[in-house]
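Read the structure below first, then the notes.
No value in this document is a laboratory result; all are computed from the given coordinates. Keep in mind the model is a prediction, meaning the values are calculated, not measured. Positions of Cβ are backbone-derived with ideal geometry, glycine not excepted, and every protein chain shown enters the neighbour counts.
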Amino acid sequence: MERQNRMPGMLVIFGGTGDLTHRKLMPALYNLCMDGLLPERFTVVAVGRRDKTYEQYLGEVYKSLEQYSRNRITAACWERLKSAIRYRRMDLEDLSGYKQLADWLNELHPEGAADRIYYLAVAPEHFETIVAGLKAGHMAESGGRHSKLVIEKPFGRVLITAQKLNSRLLEVFPEENIYRIDHYLGKEMIQNIMVLRFCNLVFESLWSSRYIDNIQISLCEQQGVGTRGGYYEQSGAMRDMVQNHVFQVLSLVAMEPPASLATEAIRAEKVKAIQAIAPMTPERLATDVVFGQYGRGVVNGQSVPAYREEDKVAPDSMNETFVALKLHIDNFRWAGTPFYIRTGKRMKKSFAHIVVQFKALPDVLYFKEEGFRQEPNRLVIRIQPDTGVKFMFNTRDFGAHKGIVTTKMDTCYACPAQGNTPEAYERLLYDVLRGDATLFSRWDEVEASWRLADSIIAHKESACCYPNYAAGTMGPAAADALLERDGRRWWDETEGLD
Ligand code: BG6
């Protein structure tokens, strides 16, 4: 990460006592300090609804750092962060409180609102009120310049509510100052997709339906909904993972090369890729979409409850905890190459990867004369838990009289020996500080994603017979059948599932 001189001097976090702040934001700030990337004069204001003394709040932050920071706590950076933090109690829904907050912030930080970042780390029902409060308290601009607004997902519940939320934001902040976070974009390997594609002749020249048979994107989690049952009931896998993370990853895999590395050049290509995804016709919805919900099962040798038995989940819930999709991108590059998507909770293992399966060779020579079973070349981009790239190719079975085996070239960037790479939120917070919005979603990307997601979500009612997969498995049988029908299969070999 490169350093920049002119950075905002204040970060105001709404939701300062929340889970996100403790698990992600404070550790990210601490690790930026460790890497020497925090601006020199910097204040972090945590705004929360609970009554707390400054000391109490600091005690909680310290505990979070102990638990979640990738670096051990050193006296120097802890002192630095501690002296930067302030805590302010406030009822977020009471608009009259924002004027007082404004006065207090101005005293603390006379450089003016344009020198601030406001981070909405709160439940979505507070987004519009907080933005209205920032407007009422004249906190969004100073000296003709605007502050920055960082907003977490979910950005709307359906297209219409996302559009409404967006208009509210645009009444107060210009588009270029709105940073819509999708933390997947901060992951190292997601940033590496463009480098792999555009810095390697072998991949760049083969990256199309001419040579690629299909592309699979799997974002699988072993965890269940845990304590987030209430939120998840309103969201489901489509809104929680597909509308945002999955479509963002897909856009980077499928986009055309941008004209430059400028933020807007990259975003322009990403949005075109999403817009080119073929609409889900009733026929496609009937055959190319699989919804699932987990039942009881065994995970790591432990019995775990069904989704319907989780805290704050309705006993007859028809919410999906798994989605598999087959998508087509209707453009010259991709026509004929399906994209298979899969995401779910309580699956056999936690892993996220992209598998690019190249086309099979003609059945001649070794395949014909020595009866060797064809294994297609595959490029596996491993997002997590091990971050790396693997390429599967065929070679002579060394030492054997004859025969061919599939082998791999494997790089692992985040295996234990190599270590401690920055967390997604570090990268993203640092980008907000230096004003680089490349890894944030522009409104038209969000809008295009909702348009597609809405059509699939509307089809949810057709799902039946939940639960349809046991916790600790790879999802419903129908997800396997989706590929088997096409003579294909999910490639899970990196995860040791095969
Ligand atoms: C979040 C979802 O956006 O992403 C969670 O709300 C999900 O449900 C999480 O668990 C997955 O992120 P990661 O970084 O753990 O893969």
Inset, instruction - Classify region 283-322 as rounded, prolate or oblate from the Cα gyration tensor: take a ≥ b ≥ c as the square roots of its eigenvalues, call it rounded if a/c is under 1.5, otherwise prolate when a/b beats b/c and oblate if not. - result: oblate
Legend entry - Charge tally in the Cβ shell below 11 Å around residue 214, where Lys, Arg are +1 and Asp, Glu are -1, residue 214 excluded: +3
Legend entry - Normalised per residue, the volume of the convex hull around the Cα set of region 113-265 (Å³): 158
Legend entry - More than 36 angstrom apart: percent of Cα pairs within the chain: 35
Legend entry - Hz values of 3J(HN,Hα) by residue in region 146-158 - Karplus curve (6.51, -1.76, 1.60), Gly and Pro given as x: 9, 7, 9, 10, 10, 10, 8, 7, x, 8, x, 10, 9
Legend entry - Vicinal HN-Hα couplings computed from phi for region 295-307 (Karplus, 6.51 cos²θ - 1.76 cosθ + 1.60; Hz; Gly/Pro x): x, 4, x, 10, 10, 6, x, 10, 6, 10, x, 6, 4
Inset, instruction - Taking 7 Å along the Cα-to-C-beta vector as the label spot, tell me the residue 283-residue 408 distance in nanometres, rounded to one decimal. - result: 3.8
Inset, instruction - Find, to one decimal place in angstroms, the Kirkwood hydrodynamic radius of region 45-100, where the mean of 1/r is taken over every pair of different Cα atoms and then inverted. - result: 12.7
Legend entry - DSSP-defined antiparallel bridges as percent of all bridges, the chain, nearest 5: 60
Legend entry - Rounded to 10°, Cα long-axis angle of helix 97-108 versus longest principal axis of the chain: 80
Inset, instruction - Please state, as a whole number in µm²/s, the translational diffusion coefficient that the Stokes-Einstein equation yields for region 357-489 at 4 °C and 1.567 mPa s, with Rh defined as the Kirkwood radius across alpha carbon pairs. - result: 64
Inset, instruction - Under 1.5 on a/c is rounded, so check that first for region 261-301, then, if it is not, pick prolate when a/b is larger than b/c and oblate when it is not; a ≥ b ≥ c are the square roots of the alpha carbon gyration tensor eigenvalues. - result: oblate
Inset, instruction - Could you work out the local net charge near residue 135, counting Lys and Arg as +1, Asp and Glu as -1, over the other residues with Cβ closer than 12 Å to its Cβ? - result: -1
Legend entry - Cα gyration tensor of region 23-164 - equivalent ellipsoid semi-axes, whole Å, descending: 27, 19, 16
Inset, instruction - Calculate, for residue 464 and residue 360, the FRET efficiency according to 1/(1 + (r/R0)^6) with r their C-beta to C-beta distance and R0 22 Å; round to the nearest 0.05. - result: 0.05
Legend entry - Burial ordering of 94, 51, 288, 35, fewest other beta-carbon atoms within 10 Å first: 51, 94, 35, 288
Legend entry - Expected 222 nm ellipticity per residue - DSSP helices of 4 or more, -39500 (n - 2.57), all of the chain, to 500: -9500 deg cm²/dmol
Inset, instruction - Could you pull out every residue, at least 5 positions away or on a different chain, whose amide H is within less than 5 Å of the one on residue 299? Hs are placed 1.01 Å off N in the peptide plane, and Pro or chain starts have none. - result: 304
Inset, instruction - Please express the Cα-Cα pair-distance distribution P(r) of region 336-389 as a list of whole percents, one per 5 Å bin, running from 0 to the bin with the greatest distance. - result: 4, 15, 17, 18, 15, 13, 9, 7, 1
